[in-house]
1. For segment 125-139, check the following and say yes or no: at least one residue is open to solvent by less than 10 Å² (accessible area, probe 1.4 Å), among the aliphatic types (A, V, I, L, M) and within 18 Å of VAL56 (Cβ to Cβ).
2. Any idea how many residues of segment 39-81 are among the hydrophobic types (A, V, I, L, M, F, W, C), within 19 Å of THR2 (Cβ to Cβ) and under 17 Å from the mean Cα position of the chain (by Cα)?
3. Looking only at segment 109-119, decide whether some residue is in contact with a Lys or Arg (Cβ under 8 Å, 6 or more places away or on another chain) and open to solvent by less than 20 Å² (accessible area, probe 1.4 Å).
4. Cβ-Cβ distance below 7 Å, separation of 6 or more or different chains: which pairs start in segment 71-86 with a residue that is among the polar types (S, T, N, Q) and end on one that is surrounded by fewer than 16 Cβ atoms within 10 Å (Cβ to Cβ)?
5. Yes or no: ALA167 open to solvent by 20 Å² or more (accessible area, probe 1.4 Å) and aliphatic (A, V, I, L, M)?
6. Keeping to segment 2-34, report how many residues are in contact (Cβ under 8 Å) with a residue 40 or more places away in the chain and touching a strand residue (DSSP E or B) at 6+ places or on another chain (Cβ under 9 Å).
7. Kindly provide the set of residues from segment 141-164 that are in contact with a Phe, Trp or Tyr (Cβ under 9 Å, 6 or more places away or on another chain) and either open to solvent by 10 Å² or more (accessible area, probe 1.4 Å) or of a type in the set (Lys, Arg) (or both), ordered by number.
8. Against the definition (farther than 30 Å from GLY189 by Cβ, over 14 Å from the mean Cα position of the chain (by Cα) and buried (at least 21 other Cβ atoms within 10 Å of the Cβ)), how does VAL84 come out, yes or no?
Amino acid sequence: MTTEIIGTDAGDARITWHPARRPRFVLAVSHGAGGGIEARDLRALAAALPAHGVTVALVEQPWRVAGRKVAPAPKTLDTGWRGVWPALTAPGLPVISGGRSAGARVACRTAHELGAHAVLALSFPLHPPGKPERSRAAELLGAGVPTLVVQGGNDPFGRPDEFPAGAYRLVEVAHGDHGLAVPKRAEIGQERALEIVTDGVAEWVASLG
């Protein structure tokens, strides 16, 4: 595991690399507006995917590196992501652009422009909680590249059955909330929930060719 600081027009970002021995892809994933790369699903992917030939790059947006607690506007998030992209492509491998929550929106909005090979959208915030009329489906459907959504069954930002039809795959984590945490009363435990995430992503990546 290595880290590097990348200067962007939005400030310094940080990449933590989890390299595969014989990588076929780079999976670059960023955090949401309410947390960092310590999120359970990001940690699980960083631990599991290198064994499947995927180098995982966990990206901390400049606002997190600067120690701020509130995420900036989407336009600024996109600027930060564009700024780290050259470092993500430096290994010379196809890059899967990804993120959780707000980071998933960034990946979808910039995928075509940056030449992403595919998009991984973890806990895509389809709408604000309780406001389904404020749909962000256009961002997801407009990614323009193969896309996988990993969504908790009880995510208040959009349950799987709320998602529109489209050219993407969706893996559901039963009973999962926006952080993909499952309650103790659920028939699956937290460890199994994270296996659903990592197995689903690994299977999807293998299908990308």
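1. For segment 125-139, residues open to solvent by less than 10 Å² (accessible area, probe 1.4 Å), among the aliphatic types (A, V, I, L, M) and within 18 Å of VAL56 (Cβ to Cβ): absent.
2. The total comes to 11.
3. Among the residues of segment 109-119, at least one is in contact with a Lys or Arg (Cβ under 8 Å, 6 or more places away or on another chain) and open to solvent by less than 20 Å² (accessible area, probe 1.4 Å), which makes the answer yes.
4. Listed by first residue and then by second, the contacts come to THR79/ASP9.
5. Taking the combined requirement at face value, the residue satisfies it.
6. Adding up the residues that qualify gives 21.
7. Correct list: LEU141, PRO146, PHE157, PHE163.
8. yes
The values are calculated or read from the model by the stated rules, or taken from the named source; none is laboratory data. Since the model is a prediction, treat every value here as computed from it, not as a measurement. With ideal geometry, Cβ positions are generated from the backbone for all residues, glycine too; neighbour counts draw on all protein chains shown. Just the protein is used for accessible areas: all its heavy atoms, side chains included, with ligands, DNA and RNA removed. Shrake-Rupley method; radii C 1.70, N 1.55, O 1.52, S 1.80 Å.
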